[in-house]
Each structure stands twice: as C-alpha cells, then as structure tokens.
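The structure under discussion appears below in the form of structure tokens.
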Amino acid sequence: MDVAVSEPDGVRRVSATLDLERPLRHPDAGSAPLMTKRARWLVVLGFFLPGSAQVLAGSKKLGRFGLGITFTLIGLLLLAGVGFFVARTFTLTIATNTIVLLLLQGLLIAYAIFWLVLGFNTLKLARIPRVAKKWRLPIAILSILLTVVPSVGAVWASTAVGAGRAAISSIFGGGAPAVAPVDGRYNILLLGTDAGADREGLRPDSISLISVDAETGQSVVVGLPRELQNMPFPETSPMYAAHPSGFGADWGCNIGLCYLNGVYAEAEFFTPELYPDATSRGSSPGIEATKDAVSGATGLEVQFYVLIDMEGFAKLIDALGGVQIDVKEQLPIGGQIDENTGELYGVVGWIEPGLQTLDGFTAEWYARSRYGSARGDYDRMDRQRELQAAILAQANPANVLMRFQELAAAGTNLVETDIPESMLGRFVDLASKAKNHTPVNVQLTPPEVDPEYPDYAQIHQLVLNGIAAASPPPAE
C-alpha cells in the first residue's frame with residue numbers, strides 16, 4: 001500500500017508496507033521489549049494460522065505454501081461438516097472408503113512433518129537470544145510444545161486411521177456392489193458362536209435376525225432357538241431340493257440332529273458344492289445355507305450376515321473398558337454337571353446379581369454359562385443378545401475415539417461379515433439413527449413357539465407383527 005504525501009515541490013510516495021512489516025521483518029534487535037512482543041506474536045500466529053509467521057517475518061514462499069495448506073484443510077473440514085448434516089450417508093461412505101483412508105493416513109504424516117518444519121522455523125524467526133531474559137525460556141518451551149504436540153497428535157491420528165482402514169479391509173466384503181433394501185428393510189443374520197477351547201468348530205449358539213428400516217434405523221430383533229426344527233427353505237435355495245418339506249423332514253440330514261444350528265455343518269462339510277460362489281462373496285456354504293434357513297423360517301429375505309465370536313467378546317469388552325449389565329441371577333464361572341448326581345462341580349467363581357460393570361473375562365462367562373438358569377439354554381441365548389445390545393449401546397463416540405486402535409484390533413478377531421465396504425457408510429448412519437429408537441424384540445421361543453413342532457405360518461405372523469410395531473404410523 002502506498003501513501004501519497006504532498007510537498008511544496010511535488011508529490012512523494014512513501015511505502016506504508018515497510019512500516020507495517022518493520023516490527024516483525026525488520027525489528028530493532030537491540031530493543032528487548034520489542035523483540036519479546038514480536039516473539040510472542042510470531043509463536044501465537046504460527047500456531048493459530050500456520051504459515052503466517054513466515055509470511056510476515058521469514059520466507060514468504062514457505063509461508064504462502066503453509067497458508068495454502070492451512071486454508072485447504074479448513075475448507076475440507078468445513079465441507080465434511082456440511083456434508084455430514086446435508087448428505088450424511090454419502091459423506092460417511094467417503095470417510096469409510098479404504099482408499100480415502102489410505103490417502104488421509106499419508107496426508108496426516110506429511111502434515112505432521114510440515115508442521116514441525118513450520119514450528120521450528122518460527123522458533124528460529126523468534127530470535128530467542130534477543131528476547132528479554134525472563135521470557136526466553138517460557139517462549140521457547142511454548143513454541144516447542146505448540147510444535148511437537150500437534151505433530152504427535154497428527155501421527156497418532158494417522159495410526160488410528162491406519163488401524164481403522166485395516167479393520168475395514170479385514171472385516172467387510174471388499175468391493176462388492178451395494179444392495180438395495182427389500183420392502184424398505186435390510187435383514188441381517190446375526191450369529192453368535194462359542195468356539196472356545198472346549199468346543200469343536202463353529203457352532204451358531206445364538207441366532208438372531210435383525211431387520212432394520214432403511215430410512216429410520218428402527219430395528220426388529222428376531223431371536224431364533226438353535227434347536228428349531230423343520231425350517232422350510234425357499235424354493236430358490238440350493239438346499240430346497242434335498243429338503244423340500246423342511247430341513248431333515250424328508251430324509252433326515254448328515255449331522256444327526258437336524259436343528260437350525262446344524263444347517264451350517266450340513267452345508268459346510270457335506271454339501272459345499274451347493275454354494276460354489278460363497279467364498280468369493282465373503283461368505284461360506286454353511287453361512288449361506290443358514291441364511292436360507294432363517295429366510296424360510298421368518299419369511300424375510302436375509303441379505304447379509306454378521307458372525308460374532310463370543311469368546312472374542314472378552315477382548316472387545318476390555319478394549320471398551322468393561323460393559324454395564326444388570327445381572328438377574330447368580331451365574332457360575334466354569335463348572336459342569338455330574339451326570340450321576342446332577343450336582344454342579346468345578347466352579348471357579350460366581351457372577352452375582354445386580355447392576356455391575358463386567359470385564360471381558362466375566363462378561364464372556366455371563367454369555368457362556370449354561371447352568372443355574374430356569375430356562376437353561378434359552379436364558380443363555382438371551383444373555384448373549386443382551387450383551388451384544390449392551391456393547392452397541394455403550395460404545396459412545398468418546399469411548400470409541402479414546403480406545404479406537406484397541407477396538408479396531410479386537411474387531412478384526414471378533415467379527416466376520418459379507419456387508420460390502422461400499423455400504424459401511426449407510427449402516428453407520430443407520431446405526432446412529434437406531435440409537436433414537438428402542439428395538440422391538442420377537443423371541444421365537446417357548447411358550448410362544450415350540451421348537452420341535454413349529455408352526456411357521458404363526459412364526460411369519462409374529463415377525464410381521466413385530467415389524468408393524470416398529471413401523472411409524474402412516475401420516476394423516
């Protein structure tokens with residue numbers, strides 16, 4: 001900016017820019033008060049507006065580059081914030097894309113390095129030896145802290161992003177295309193397995209179907225007993241030809257007891273050829289057959305599955321810092337029933353009734369314990385579902401953020417699913433909406449349903465009633 005000054009012999013132009021820059025770029029180095037004030041300003045400006053200190057007192061090229069990056073990041077953050085409220089599903093889909101996360105991870109590392117360069121350059125520009133003695137150490141410490149702490153934070157964020165990217169790549173169904181809802185709902189088979197050291201192979205011990213409204217996130221949880229019999233397969237199922245009247249109803253099955261939780265072993269080990277494309281789709285013949293059986297039993301088309309290792313719950317719960325459960329009855333940790341006396345022996349501890357925070361080990365036994373409950377296995381299945389729901393409810397954003405890397409590591413050993421990565425953003429959005437609703441529970445267990453002689457027309461109606469109860473009334 002130039003200022004015109006009138007003089008008798010003409011007009012002389014004086015640059016005011018130099019006057020404005022002089023205290024910062026060309027200070028009086030002999031004035032300790034001025035140099036102290038200058039140093040404080042440079043450190044503060046460099047922190048709140050990275051690059052500004054260089055523009056005013058150092059390399060303008062470096063400063064302009066820093067300001068350009070700073071304003072670009074601010075713009076991207078504002079864009080993401082607007083997108084979260086205006087187009088949440090799209091924004092979450094972008095944010096959970098593994099390629100985007102890889103780029104973000106690299107950018108965070110690059111920005112951490114660049115922040116260090118700017119920060120230490122600002123410290124150099126501050127010319128600490130020229131500052132008043134009592135201010136030298138405080139300004140130097142402040143400058144170093146404002147340089148190192150954000151850089152360390154960016155490196156930590158990059159590590160967390162990397163852990164999240166690895167978890168997404170490990171858990172979700174790769175590049176499969178998105179799937180449209182059926183009748184406005186997504187139907188997801190939830191299998192809880194108990195493949196502990198004393199068990200052989202994968203056994204779906206708790207079997208639930210979660211039907212989620214594709215708009216509101218309101219869910220219906222249908223609990224199916226593992227010993228449910230004669231499940232009708234849809235006519236489109238590869239299992240239908242061998243079991244036209246229901247699983248095992250015509251000619252039995254290869255696994256002895258033709259229960260719902262035996263469908264997995266039947267298809268996985270005896271007839272895997274019926275589902276030749278299952279593995280390439282992130283599933284398995286046993287899972288696909290179980291999806292078909294649950295579709296026939298409930299009358300709802302099952303689109304996806306989520307397999308949860310109940311033994312792996314211990315790591316997840318410890319990563320969350322425990323889970324709060326209202327224990328209804330005293331339950332043993334460990335133990336077996338003596339077949340001769342009917343007495344329980346080998347108990348190493350007890351889970352006492354009352355509201356308490358369970359660690360991973362105790363919560364695992366809360367889900368696994370099969371003795372001491374009036375309804376036996378049905379109570380155990382209910383406890384597993386209760387534990388799953390409690391974990392989802394108590395995984396608040398602050399807790400997840402603070403323990404993200406531990407949760408991501410635990411999740412890769414805990415969960416399998418064929419939900420495509422491209423739909424992760426949509427389901428994250430639905431999960432956040434679901435917290436505003438209370439799930440409707442439909443339990444297909446006695447006395448409402450007899451697992452040995454089930455009436456599937458009645459079961460279908462029970463499921464439809466549950467969906468009707470979860471659906472909003474039509475607008476008038």
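The values are calculated or read from the model by the stated rules, or taken from the named source; none is laboratory data. As the structure is a computational prediction, the values presented were derived from the model and not from experiment. Glycine gets a Cβ as well: all are built from the backbone with ideal geometry, and neighbour counts include every protein chain shown.
Looking at segment 438-449, which of its residues are surrounded by fewer than 15 Cβ atoms within 10 Å (Cβ to Cβ) and not hydroxyl-bearing (Ser, Thr, Tyr)?
The answer is Pro446, Pro447, Glu448.
Only one of (1) outside the structural domain of Val463 (by TED's automatic domain parsing); (2) modelled with pLDDT of 90 or more; (3) crowded, with 18+ Cβ neighbours inside 10 Å fails for Leu209. Which number is that?
Leu209 satisfies every listed condition except (1).
Test Gly164 against the stated conditions and say whether it is on the phi > 0 side of the Ramachandran plot and either modelled with pLDDT under 85 or not assigned by TED's automatic domain parsing to the domain that holds Met310 (or both).
When the stated conditions are applied, Gly164 does not pass them.
Would you confirm, using the coordinates I've provided, whether Val306 is β-branched (Val, Ile, Thr), under 30 Å from the mean Cα position of the chain (by Cα), in a loop (DSSP other than H, G, I, E, B) and in the same structural domain as Gln461 (by TED's automatic domain parsing)?
Judged against the criteria, Val306 is not a match.
Condition first: modelled with pLDDT of 80 or more, surrounded by 15 or more Cβ atoms within 10 Å (Cβ to Cβ) and either assigned to a loop (DSSP other than H, G, I, E, B) or not assigned by TED's automatic domain parsing to the domain that holds Leu316 (or both). Can you find one or more residues in segment 361-369 that meet it?
yes
Being touching a residue at least 12 places away in the same chain (Cβ under 8 Å) and not basic (Lys, Arg): is that true of Pro276 here?
So Pro276 fails the test.
Filter segment 200-257 for residues that are under 20 Å from Phe270 (Cβ atoms) and of a type in the set (D, E, K, R) and give the result.
Residues satisfying the conditions are Glu200, Arg203, Arg226, Glu227, Asp250.
Tell me the residue from Leu331, Leu387, Leu392 that is in contact with a helix residue (DSSP H, G or I) (Cβ under 8 Å, 6 or more places away or on another chain), under 29 Å from Pro447 (Cα atoms), at pLDDT below 75 and not polar (S, T, N, Q), please.
So the residue among Leu331, Leu387, Leu392 that is in contact with a helix residue (DSSP H, G or I) (Cβ under 8 Å, 6 or more places away or on another chain), under 29 Å from Pro447 (Cα atoms), at pLDDT below 75 and not polar (S, T, N, Q) is Leu392.
Among (1) modelled with pLDDT under 90; (2) assigned to a loop (DSSP other than H, G, I, E, B); (3) closer than 30 Å to Ile171 by Cβ, which single condition is Leu257 missing?
(3)
Take the residues of segment 278-295 that are over 17 Å from Val415 (Cβ atoms) and hydrophobic (A, V, I, L, M, F, W, C): which is surrounded by the fewest Cβ atoms within 10 Å (Cβ to Cβ)?
Top of the filtered list is Ala278.
Answer with yes or no whether Phe65 is at negative phi and crowded, with 19+ Cβ neighbours inside 10 Å.
no
On the given criteria, is Ile141 surrounded by 14 or more Cβ atoms within 10 Å (Cβ to Cβ), over 11 Å from Phe47 (Cα atoms) and either in the same structural domain as Ser31 (by TED's automatic domain parsing) or under 42 Å from the mean Cα position of the chain (by Cα) (or both)?
No.
Name the pairs: first residue in segment 282-299 and outside the structural domain of Gly192 (by TED's automatic domain parsing) and on the phi > 0 side of the Ramachandran plot, second residue modelled with pLDDT under 95 and part of a helix (DSSP H, G or I), Cβ to Cβ under 7 Å, at least 6 apart or on different chains?
none
Taking into account only those residues within segment 410-432 that are assigned to a helix (DSSP H, G or I), among the aliphatic types (A, V, I, L, M) and surrounded by 18 or more Cβ atoms within 10 Å (Cβ to Cβ), which is modelled with the lowest pLDDT?
Here the answer is Ala410.
When segment 240-277 is examined, which residues are found to be surrounded by fewer than 20 Cβ atoms within 10 Å (Cβ to Cβ) and either within 29 Å of the chain's Cα centre (by Cα) or assigned by TED's automatic domain parsing to the domain that holds Asp418 (or both)?
Within segment 240-277, just Asp277 meets the criteria.
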